[in-house]
Each structure stands twice: as C-alpha cells, then as structure tokens.
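J.: Please read through the structure below; I'll follow up with questions.
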Amino acid sequence: MTKKTKYIFITGGVMSGLGKGILTVSVGKLLQAQGYTIEPLKIDPYLNIDAGTMNPIEHGEVFVLDDGGEVDMDLGNYERFLDLSLSRKNNLTTGKIYKHVIDKERKGDYLGKTVQIIPHITCAIQNWITSLGKDKDFVLIEVGGTVGDIESIPFLEAARELSVTDDVYFIHLVLVPTLDVVGEQKTKPAQHSVRTLGEIGIKPNMVVCRSKRPLEARTRKKLALFCAVKEEKIISDHDSNIYELPLILKEQKVAEKILANLNMKHNGSELKDWKAFVSNLKCTDRKITIAMTGKYMQLHDSYVSINEALDHARAKFRCDIDIKFIETTDIENKTINIKDALKDIDALIVPGGFGSRGTEGKIECIKYARENNIPFLGLCLGFQLACVEFARDVCGLKDAASTEISPDTNNPVIDIMEEQKKIDSMGATMRLGAYPAVLKKGTFIEKLYGTEKVSERHRHRYEVNNRYVPTIENKGLFFSGKSPDGNLMEFLELPEHPYFVATQAHPELKSKPLNPHPLFLGLVNAAIEKKKSS
Ligand code: GLN
C-alpha cells in the first residue's frame with residue numbers, strides 16, 4: 001500500500017532572514033525522531049534556474065549536492081539536520097517551474113489551450129511537490145521570501161489548492177520584536193502578516209514567533225486572539241544556536257501537536273545524541289584560533305558550510321574556535337604584514353573562491369603556514385594555490401600560476417580542464433557534484449579517512465596540470481588522492497609537516513553534526529596540539 005503523504009508548508013512573514021530554513025528542518029528532525037520519513041523542499045521564488053550564477057555576498061554560499069545541483073544554502077542545513085543526501089529536485093525555483101511549463105507548451109502538451117499561471121503553473125508546482133513525496137510520510141516545503149511578495153503568490157496559491165485535496169499543515173513564522181524603550185514584545189507586525197496570508201486563502205495551523213527572549217504568556221494570548229490560532233499553537237522560537245531549535249520546539253511539543261492535528265500517532269522521542277552534541281558545542285573549556293582567508297568576509301553566510309563543519313569538529317573535542325577572518329587584499333597592498341595577520345593563530349584554512357582578487361595574499365598565507373608548521377587545510381582554490389605556492393617557492397618556478405589568474409603564465413601549474421574549454425555558458429557547466437577518488441594506502445590522508453575509496457563534492461573549472469606533477473612530487477609535496485583513472489589530482493599532503501592537507505573537493509559540504517568530516521577533525525586536532533606545544 002502506498003503511503004498517504006502529508007504536506008507541511010512553512011511560510012514567513014514580516015521580514016526575511018528569520019530562520020525559516022532552520023525552523024523547517026527542526027520540525028523535520030522532530031518528526032524524523034518519531035520514526036517518520038521526510039522529504040524537504042526549498043522553494044526559491046527567483047527567476048534563476050539555480051543558485052549557481054549568484055554572488056555569495058548577495059545570496060550566501062552556493063551549496064552543491066551529490067547530483068551536481070547548485071542550490072540554496074538552506075539545503076546544506078537540510079542535509080546537516082536530517083542526515084540526508086538530497087538532489088536538485090529538493091530545490092524548486094520560479095525559473096525551474098516556468099521553464100518546465102514553457103518547454104511542455106513548446107512540445108505541444110497543452111495544444112489548443114491558453115497556458116496560464118493558474119492552473120498550469122500552480123498544477124506543475126503541486127505535481128513537483130507530490131512526486132517528491134512519493135512513499136514518504138511528509139514533505140516539508142519551505143516557501144522562500146516573505147508573504148506579500150509578488151513572487152511567492154503562485155507558490156502559495158499552489159499550497160492553498162493542495163490543501164483542498166490533501167492533508168496539509170501550515171506553519172507561519174513571524175517576527176515578534178521587542179522595543180528597547182518599553183521592553184515589551186510587540187505583536188502588530190505578526191498580526192498583519194497572518195492577515196496577509198489570510199488574503200491568499202491560507203489560515204495557519206501554527207504560528208512560530210522569532211523573538212529575542214522566550215515568548216511571554218501575554219504575548220502568546222494576544223497573538224492567539226488576533227491570529228485565530230489556539231494559544232498552544234503559538235510557539236516560541238527565541239534566539240539560540242541553530243542546532244538548539246529542535247530542542248526548543250521539542251519542549252513545546254511541536255511534533256505532537258502537528259501529528260495530533262493530522263491524526264497521526266506519536267511515539268515520543270529522545271534526541272539524546274543531538275542533545276549531547278548541542279551541549280558539547282556550548283563547552284568552552286579550551287579555545288583555538290583558526291584563520292580563514294577570503295574576500296567575501298563581510299558576510300558569515302558566504303562560507304557557512306565551513307563554519308558548520310568546524311562546529312561539528314569542535315563539538316567532538318569540546319573546544320571553542322575563534323575564527324579570524326583575513327582579508328587577503330590587505331596583505332597584498334601591505335596594509336598589514338603577514339606576521340601580524342597570522343599572529344597567534346593555531347591553524348589556517350584557505351577556502352574556495354573565484355577570480356584573482358586576493359589570491360597573492362592567500363599564497364603568502366599558505367607559504368607562512370608551510371614554513372612555520374601551522375596546520376593548514378586548503379579547499380578547492382586553496383588546494384590550487386598550495387600547488388602554485390610550492391611550485392614557486394620550493395620548485396623554483398618563479399612565475400608558476402593558475403591560468404584563471406594569469407592566463408599568459410609560462411608555468412601554468414593550474415590550468416583549465418580540457419572539457420571546460422568548449423563551454424560557452426555559465427549556468428551549471430563546472431565540474432559539479434560527487435566524484436570518487438582513490439587514496440594511496442598508508443598516506444596521512446588515507447589514515448584520516450580510514451578508507452582508500454572516498455567520494456567528495458566538487459565545483460570547479462581548473463585543475464592541477466599533470467605536466468608539473470613529477471616536479472612537485474620530487475620536491476616532497478605528495479598527491480595522495482587521485483581520480484580512479486589517475487588523471488585528476490584530488491588530494492595533497494606534505495609529509496614532515498604537522499598538518500598540511502588540501503583537496504580539490506569541498507569536504508565541508510558533507511560534514512554532519514553527529515558525523516564530523518575527517519579532514520576538519522584532523523585540522524582541529526592538529527590546532528589543539530599546536531596550541532598545547534606553544
Ligand atoms: N576558481 C577555481 C576553479 O574554478 C576554484 C573553484 C572553487 O574554489 N570552488 O577551479
């Protein structure tokens with residue numbers, strides 16, 4: 001018998017950035033803990049087909065899935081909280097749904113008909129959602145944007161239509177601000193937002209209130225009255241670490257309330273491991289400092305998966321991490337010298353990136369870490385620049401470079417991949433998604449992973465130029481992991497150094513709270529050791 005799937009829509013009101021994604025997965029986590037199967041869907045009401053062409057400053061990190069989908073960074077939280085491996089079907093954009101309908105129109109699938117937003121786009125949205133939920137207990141749908149935006153109307157209309165035929169539960173997330181002068185939690189913005197949702201024909205079953213401090217009893221009462229939602233369904237989502245939200249919601253019996261409404265059984269759940277992880281995160285017995293280079297440092301969201309991977313690793317060691325952001329253009333233009341920039345750090349991460357700005361400063365940082373035995377982890381561009389630095393400084397190829405940065409260099413140690421040369425469009429054309437690699441037995445990295453066969457996610461156009469591999473390896477930098485055919489260099493290490501590890505991949509995308517990534521565990525461990533000895 002096929003399951004009767006239930007649909008939970010999470011909408012947001014008042015303003016963006018309230019944490020709808022975290023709320024979505026926290027609800028998912030609680031239902032999962034009750035033994036139910038979950039399929040999450042993020043709806044992004046923009047016209048881009050995917051997030052791949054967006055700037056991290058504007059939109060945050062581009063998250064990459066196993067199947068190569070370049071998606072909204074919320075999908076990273078979906079995978080981290082729910083311990084799932086998702087596909088590009090789990091991220092729907094206005095661009096994707098319109099393209100789908102317009103392609104069908106061109107094929108003649110609607111022959112003779114006028115193709116319209118209602119019913120054709122809204123039906124296509126419903127079909128997307130229902131086919132995603134096949135054989136699952138729940139589809140959790142996060143509707144991006146804020147209720148009242150023009151862009152989200154077709155999606156909300158589709159949700160309303162689905163609620164006529166299927167079991168649908170609506171959760172609306174609102175902001176409940178506190179005015180400093182009066183110190184009182186204000187409900188008016190939330191009231192307006194629930195009213196706007198009502199105009200579209202949706203009445204929320206539950207209202208979740210984002211606030212600085214726990215919701216006060218009188219605020220809850222007032223909201224219940226004005227939003228016509230029972231007091232017990234007005235939920236507090238007060239400021240906390242993101243990983244704490246499932247526990248905050250659990251205390252308020254959120255899963256039980258949803259399940260009761262949908263006539264489903266609840267079995268009780270513990271979330272024991274999760275609780276332990278959250279308490280370890282709060283543990284600050286010791287502290288290390290990790291420097292991270294980059295050029296999108298204004299925004300924490302640009303490198304969110306790295307920050308999360310570090311959190312997962314530090315919880316294991318019950319250790320706090322101070323991340324020191326290094327704007328490498330400051331090193332290039334000598335606003336700060338390298339010694340001062342990297343003073344008192346216990347490790348260095350050089351993350352992925354595109355374009356030339358700041359790269360010479362990053363190379364200087366890598367050289368400093370290599371020469372001063374500072375634990376180093378290079379990710380994608382960081383891996384490429386570690387090769388460039390070594391080729392220049394140790395192999396004596398003074399003009400070694402990546403052709404992404406210096407197209408006319410005489411020593412293109414990093415060069416564009418062969419298949420990339422034919423590509424003339426920017427969307428979804430990089431080497432994307434999970435690829436296997438084989439680690440050489442007995443190498444430092446193989447020991448970290450504890451296995452020879454690994455699979456990591458990628459997002460790049462450039463690679464190590466194999467012509468230079470013998471020169472580099474003769475001088476001691478070792479490519480410990482390669483693609484199964486041996487053609488692509490995937491991992492490198494520097495024996496004799498306490499921790500000099502880099503990869504062409506993005507291992508941060510696969511780290512999970514209860515299963516931290518070995519390369520990040522290794523880095524944090526090495527940083528702790530360094531701190532002990534200094
Ligand atoms: N810009 C480099 C490339 O395209 C690195 C990409 C990255 O760091 N994700 O190969």
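Just so you know, all these numbers are worked out from the coordinates, no wet-lab data involved. Only a predicted model underlies this, so the values are computations on that prediction, with no experimental measurement involved. All Cβ positions, even for glycine, are placed from backbone atoms using ideal geometry, and neighbour counts span all protein chains on display.
J.: When DSSP assigns beta bridges and you keep just the ones with both residues in the chain, what percent turn out antiparallel, to the nearest 5?
T.: Taking every DSSP beta bridge with both residues in the chain, the antiparallel ones total about 30 percent.
J.: Next question. Taking the C-alpha atoms of the chain, how large are the radius of gyration and the largest Cα-Cα span, Dmax, in Å?
T.: Calculated on Cα positions, Rg and Dmax stand at 25.0, 77 Å.
J.: Another one. Projecting each Cα onto the charge dipole of the chain (Lys/Arg +1, Asp/Glu -1 at the beta carbon, about the Cα centre), which of P507, M206, L132 comes out farthest on the positive side?
T.: Towards the positive end, the residue furthest out is M206.
J.: Let me ask something else about it. Let me spell out the model: positive unit charges on the Cβ of Lys and Arg, negative unit charges on the Cβ of Asp and Glu, origin at the Cα centre of the chain. What dipole size does that give, in debye rounded to 20?
T.: Using only the charged Cβ atoms, the result is roughly 1460 debye.
J.: Oh, and also: With only Lys, Arg, Asp and Glu charged, each at its Cβ (+1 for the first two, -1 for the last two), find how big the charge dipole of segment 1-82 is about the Cα centre; round to the nearest 20 debye.
T.: 660 debye
J.: Quick check: the angle from helix 217-227's long axis to the longest principal axis of the chain, C-alpha only, nearest 10 degrees?
T.: Roughly 70 degrees between the two axes.
J.: Another question about this same structure. Can you tell me the orientation of helix 94-107 relative to the chain, as the angle in degrees between its alpha-carbon axis and the longest Cα principal axis, to the nearest 10?
T.: Its long axis makes an angle of about 80 degrees.
J.: Follow-up question, since we're still on this one. Quote the convex hull volume per residue of segment 64-185, based on C-alpha atoms, as a whole number of Å³.
T.: Convex hull volume per residue, Cα atoms: 169 Å³.
J.: How tilted is helix 272-282 with respect to the longest principal axis of the chain? Cα atoms for both, answer in degrees (0 to 90, nearest 10).
T.: The answer is roughly 60 degrees.
J.: Let me ask you something else. Which of the listed residues, I118, F63, F81, is farthest toward the dipole's positive end in segment 1-125, when Lys, Arg count +1 and Asp, Glu count -1 at the beta-carbon?
T.: I118
J.: Would you kindly calculate the translational diffusion coefficient of segment 394-475, applying Stokes-Einstein with the Kirkwood radius from alpha carbon pairs, for 4 °C and a viscosity of 1.567 mPa s, and quote it in µm² s⁻¹ without decimals?
T.: 87 µm²/s
J.: What trypsin sites (Lys or Arg not before Pro) does segment 253-332 have in DSSP loop regions with at most 12 other beta carbons within 10 Å?
T.: Answer by residue number: K265.
J.: On average, how much area does the Cα convex hull of segment 356-436 cover when viewed from any direction, in nm²?
T.: So the mean shadow area of the Cα hull is 6.8 nm².
J.: So what is the relative contact order of the chain, in percent, for Cα pairs below 8 Å that sit 6 or more residues apart?
T.: Reported relative contact order: 15 percent.
J.: Find the relative contact order for segment 232-381 and round it to a whole percent, using C-alpha pairs within less than 8 Å whose residues are 6+ positions apart.
T.: 22 percent
J.: If contacts are Cα pairs under 8 angstrom and at least 6 residues apart, what is the relative contact order of segment 147-209 in percent?
T.: Reported as a whole number, the value is 43 percent.
J.: Considering only Cα-Cα distances, which of the following residue pairs are longer than 26 Å: K221/K265; K324/K482; K422/K482; K29/K230?
T.: Table pairs above 26 Å Cα-Cα are K221/K265; K324/K482.
J.: I've got another one for you. Based solely on C-alpha atoms, express the radius of gyration and the Dmax of segment 1-95 in angstrom.
T.: Answer for segment 1-95, Rg first and Dmax second: 13.8, 47 Å.
J.: Can you tell which of I405, A276, Y449 lies farthest toward the positive end of the dipole of the chain, using +1 and -1 charges on the Cβ of basic and acidic side chains (Lys, Arg; Asp, Glu)?
T.: A276
J.: Quote the Stokes-Einstein diffusion coefficient, in whole µm² s⁻¹, for segment 178-242, based on the Kirkwood radius over alpha carbon pairs, a temperature of 37 °C and a viscosity of 0.692 mPa s.
T.: 267 µm²/s
J.: Summarise the long-distance tail of P(r) for segment 71-141 by giving the % of C-alpha pairs beyond 22 Å.
T.: 33 percent
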